[in-house]
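Here the structure comes first, spelled out in structure tokens, and everything after it is commentary.
The values are calculated or read from the model by the stated rules, or taken from the named source; none is laboratory data. Note that this is a predicted model, so its numbers are computed, not measured. In this analysis, Cβ positions are derived from the backbone assuming ideal geometry, glycine residues included, and neighbour counts consider all displayed protein chains. For accessibility, only protein heavy atoms count, side chains too; no ligands or nucleic acids. Shrake-Rupley method; radii C 1.70, N 1.55, O 1.52, S 1.80 Å.
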Amino acid sequence: MGLGPLGAALAMLACLSARTEAQGEARAYARLSAGVLRLGDTGSLSVTVENAEDARILKLPAVAGLTLGKPGRPNTQRSSGFVNGRVYSEFAISWTLSIRPEAEGDYEIPPISLEVAGKTLETQPLHLTVVVD
């Protein structure tokens with residue numbers, strides 16, 4: 001007795017699912033909308049976690065001379081596809097925070113701590129220059 005077209009399709013899907021690419025380890029990074037801001041302008045800081053479906057920002061660093069806004073609800077992005085006959089899946093969570101300078105100068109924004117799947121990850125430090133226009 002054969003599987004029929006639906007059974008064959010389901011069997012093929014099960015085989016492809018078994019060959020799904022591993023997502024890899026979760027990684028966190030941060031990015032500024034601009035490396036140089038004019039005094040009086042507001043920029044943004046984006047925090048992203050890849051390869052994890054659950055993450056939260058634990059603590060924002062305090063930087064004298066900069067005001068960091070509170071993170072809002074995270075944005076999530078999921079994608080999947082086929083590469084070389086393998087199914088892959090990617091997932092990312094990101095937050096955008098406002099950043100407002102209070103004085104001109106060079107600022108080092110320390111790493112931002114996140115909890116990802118029960119582990120603590122940190123972003124890389126960032127450098128921001130604030131100039132008077």
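Restricted to the stretch 95-113, and to residues that are part of a strand (DSSP E or B) and open to solvent by less than 20 Å² (accessible area, probe 1.4 Å), which residue is farthest from Leu37 (Cα to Cα)? Spell out the reasoning first.
The initial filter retains those residues of the stretch 95-113 that are part of a strand (DSSP E or B), namely 95-101, 105-109, 113.
Filter again for open to solvent by less than 20 Å² (accessible area, probe 1.4 Å), leaving 95, 97, 99, 101, 109.
Numbers: Trp95: 20, Leu97: 15, Ile99: 10, Pro101: 8, Ile109: 14 Å.
Going through the qualifying residues, I end up with Trp95.
Does Arg100 satisfy being of a type in the set (Lys, Arg) and in contact (Cβ under 8 Å) with a residue 60 or more places away in the chain? Working first, answer last.
Working: of a type in the set (Lys, Arg): yes; in contact (Cβ under 8 Å) with a residue 60 or more places away in the chain: no.
Spelling it out, it is not the case that Arg100 is of a type in the set (Lys, Arg) and in contact (Cβ under 8 Å) with a residue 60 or more places away in the chain.
I'm checking my understanding of the structure. Among residues of the stretch 114-127 that are assigned to a strand (DSSP E or B) and closer than 19 Å to Glu53 by Cβ, which one is most open to solvent (accessible area, probe 1.4 Å)? So that I can check it myself, show each step before the final result.
Residues of the stretch 114-127 assigned to a strand (DSSP E or B): 114-116, 119-122, 126-127.
From the residues that got through so far, the ones that are closer than 19 Å to Glu53 by Cβ too are 114-116, 119-121.
On the way: Leu114: 0, Glu115: 62, Val116: 6, Lys119: 137, Thr120: 94, Leu121: 46 Å².
Per the stated criteria, the residue is Lys119.
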Give me the pairs: first residue in the stretch 66-94 and in contact (Cβ under 8 Å) with a residue 24 or more places away in the chain, second residue surrounded by 11 or more Cβ atoms within 10 Å (Cβ to Cβ) and among the aromatic types (Phe, Trp, Tyr), beta-carbon distance under 6 Å, and six or more apart or on different chains, which are they?
-> Leu66/Tyr107; Pro71/Trp95
